[in-house]
Amino acid sequence: MSNQLFYVSPIEAAITRIESLLDDTHNPISRRSIALLLLQKDPILSSQLKQEPYFPEIERIIAHTQEYFSESLSLAIAQSRHQLAMAIEQDVIIQPQEQRTFQYEWLHKLTVHPVSGIPILVLVLYFGVYQFVGVFGGGTLVDIIEGFFESEINPVVNSIVAIIFPWQVMQDLFANDYGIFTLGIRYAVAIVLPVVTTFFLMFSLLEDSGYLPRLSLLADRLFKTIGLSGRSIIPLILGLGCGTMATLVTRTLESKRERIIATLLLALTIPCSAQLGVILALLSVEPTALFVWATVMVTIFLGIGFLAGKILPGKAGCFYIEIPPLRLPRLQAILTKTYVRLKWYFAEILPLFIFASVLIWAGKLTGLFDVLIRGLEPVMLWLGLPKEAAPTFLYGFFRRDYGAAGMFELHSSGILAGQQLVVAAVTLTLFIPCIAQLQFMLKERGVKNTIAITSFVVLFAFSLGYILNQLLTIMEVGF
């Protein structure tokens, strides 16, 4: 087959007309290449030729050619090149006969087309995130392991620590209500680990299947309305695993504007895997509560993103991404990826839980912890929450998942339920990101942007929590 690339007739006609206007001063670049760059509005070449007497005629040719297409000329040219590349691939690649029997091209089209892609995404979210991570991981597994800690491990730890350390101060460091073993390690292993494990399993399955890049294509048009491109879906999805790492990954986005918007949305609306799993587990028993939480979070994500996209100067960058072939996920690859991520979790996150427990112990020992809690108690009452929820928000500052685990404990003890649980879930999700994520925000976005984002997040979270509580009370929504 011939590999000479010919475009549709309007583009070929424009290339010919532009070539006839050009002189030979731009060698060694061919006239055809220069014409294609001009049709794609290459900024450097356009600025170089802007003073030429024939440039206004070139601009008229480009504008006239654009009238034949609903999409941009850059996209039309890229599609032609993509079609040739696919034809070359089909011509030179020989697949084994057994692999020819199952083709994935039709499935690829289903996943990226809005009409079929959105229902597929809904099914993935329902069965993969809600049922597997939320109900099974955050509900069934957490109940089993948490019950085992409460009934078998914590009493033994309290007894052993009391024997080893006769001083109450040292006992409180390792055991009792806020000890390293009875609170920090219990939260990490009994409440967070099951959720993180099921999330990593599901994420690895989607990653190995090749679905995530297609999700980027599906989201690109929607993300354009909030000043982002489909590429932003990668750090935002990673934020569902860990907001700290996702903030680091925002450096892959093209413009400073996109990086700021993505960082804001990660800090405000994207819960980490443990926080998401715990919230899903708590709210899944009452569909209305889960619907309210999800609706509020999606609305805020789109609304704040849209406003940020309008306020911040600049435009969303062009979106190009390599699409790997769809394939059946390999069990070994899924388990390997999950193992590596869990290894990272224990190496990086478990010490933070222990450190948070030590900080809480030190805060209670010095009285600072009690002062901060007393300062938060009026805010909790203003939100319509019990004052016992104040430590949960303080935990959330150390680690988002730490705060979610504290909310789980309040619900288990019967202190937090119904409307209060929904308000707490929304406010805690929106609340200030954890210390680790703040550190990366400082590193990636600088002091000024971090202070602005953090201040906005705190004020917005508590204000929206108050408004939501008032609306639910007025509307008499039952949970």
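Residue count for segment 261-294, restricted to those that are at pLDDT 85 or above and surrounded by fewer than 21 Cβ atoms within 10 Å (Cβ to Cβ): 2.
Being in a loop (DSSP other than H, G, I, E, B), within 14 Å of THR269 (Cα to Cα) and modelled with pLDDT of 75 or more is the filter here, so list the residues in segment 227-246 that pass it. LEU240 - this is the single residue of segment 227-246 that is in a loop (DSSP other than H, G, I, E, B), within 14 Å of THR269 (Cα to Cα) and modelled with pLDDT of 75 or more.
Beta carbons closer than 8 Å, at least 6 apart along the sequence or on distinct chains, pair a first residue in segment 343-369 that is of a type in the set (S, T, N, Q) with a second that is assigned to a loop (DSSP other than H, G, I, E, B) for SER357/TYR178; SER357/GLY179.
Meeting the requirement of 2 or more residues that are charged (D, E, K, R) and more than 28 Å from ILE474 (Cα to Cα), the helices (runs of 4 or more DSSP H) wholly within segment 333-412 are 368-382, 400-412. If only residues of segment 427-467 that are more than 17 Å from the chain's Cα centre (by Cα) and of a type in the set (D, E, K, R) are counted, the one that is surrounded by the most Cβ atoms within 10 Å (Cβ to Cβ) is ARG445. Considering only residues in segment 166-179 that are in contact (Cβ under 8 Å) with a residue 24 or more places away in the chain and not in a helix (DSSP H, G or I), the one that is farthest from LYS364 (Cα to Cα) turns out to be GLY179.
Restricting GLY375, GLY414 to those that are surrounded by fewer than 17 Cβ atoms within 10 Å (Cβ to Cβ), farther than 21 Å from VAL142 by Cα and either modelled with pLDDT of 85 or more or not hydroxyl-bearing (Ser, Thr, Tyr) (or both) reduces the list to GLY375.
Going by what's in this entry, would VAL122 be described as at pLDDT 85 or above, exposed (fewer than 15 other Cβ atoms within 10 Å of the Cβ) and not basic (Lys, Arg)?
no
Is it fair to say ILE180 is within 26 Å of the chain's Cα centre (by Cα), buried (at least 17 other Cβ atoms within 10 Å of the Cβ) and in the same structural domain as ILE233 (by TED's automatic domain parsing)? For ILE180, the condition - within 26 Å of the chain's Cα centre (by Cα), buried (at least 17 other Cβ atoms within 10 Å of the Cβ) and in the same structural domain as ILE233 (by TED's automatic domain parsing) - is not met.
Per the listing ALA362, ALA405, the residue uniquely in the same structural domain as LEU464 (by TED's automatic domain parsing) and at pLDDT 75 or above is ALA362.
Look at (1) buried (at least 21 other Cβ atoms within 10 Å of the Cβ); (2) in contact (Cβ under 8 Å) with a residue 60 or more places away in the chain and you find that ALA424 fails only one, number (2).
Would you confirm, using the coordinates I've provided, whether LYS310 is surrounded by fewer than 16 Cβ atoms within 10 Å (Cβ to Cβ) and under 30 Å from LYS256 (Cα atoms)? It is true that LYS310 is surrounded by fewer than 16 Cβ atoms within 10 Å (Cβ to Cβ) and under 30 Å from LYS256 (Cα atoms). Of all the criteria given as (1) under 26 Å from VAL278 (Cα atoms); (2) buried (at least 24 other Cβ atoms within 10 Å of the Cβ); (3) touching a residue at least 60 places away in the same chain (Cβ under 8 Å); (4) touching an Asp or Glu at 6+ places or on another chain (Cβ under 8 Å), the one not satisfied by SER232 is (3). A single member of ILE153, ILE163 is within 20 Å of SER412 (Cβ to Cβ) and either part of a helix (DSSP H, G or I) or touching a Ser or Thr at 6+ places or on another chain (Cβ under 8 Å) (or both), and it is ILE153. Find the residue count for segment 141-157, including only residues that are surrounded by fewer than 21 Cβ atoms within 10 Å (Cβ to Cβ) and touching a helix residue (DSSP H, G or I) at 6+ places or on another chain (Cβ under 7 Å). The total comes to 6. Only one of the numbered conditions (1) surrounded by fewer than 18 Cβ atoms within 10 Å (Cβ to Cβ); (2) touching a Lys or Arg at 6+ places or on another chain (Cβ under 6 Å) is not met by PRO324, and that is (2).
The values are calculated or read from the model by the stated rules, or taken from the named source; none is laboratory data. All of these numbers come straight from a predicted model, not from anything done at the bench. We place every Cβ from the backbone using ideal geometry, glycine too, and count neighbours over all the protein chains shown.
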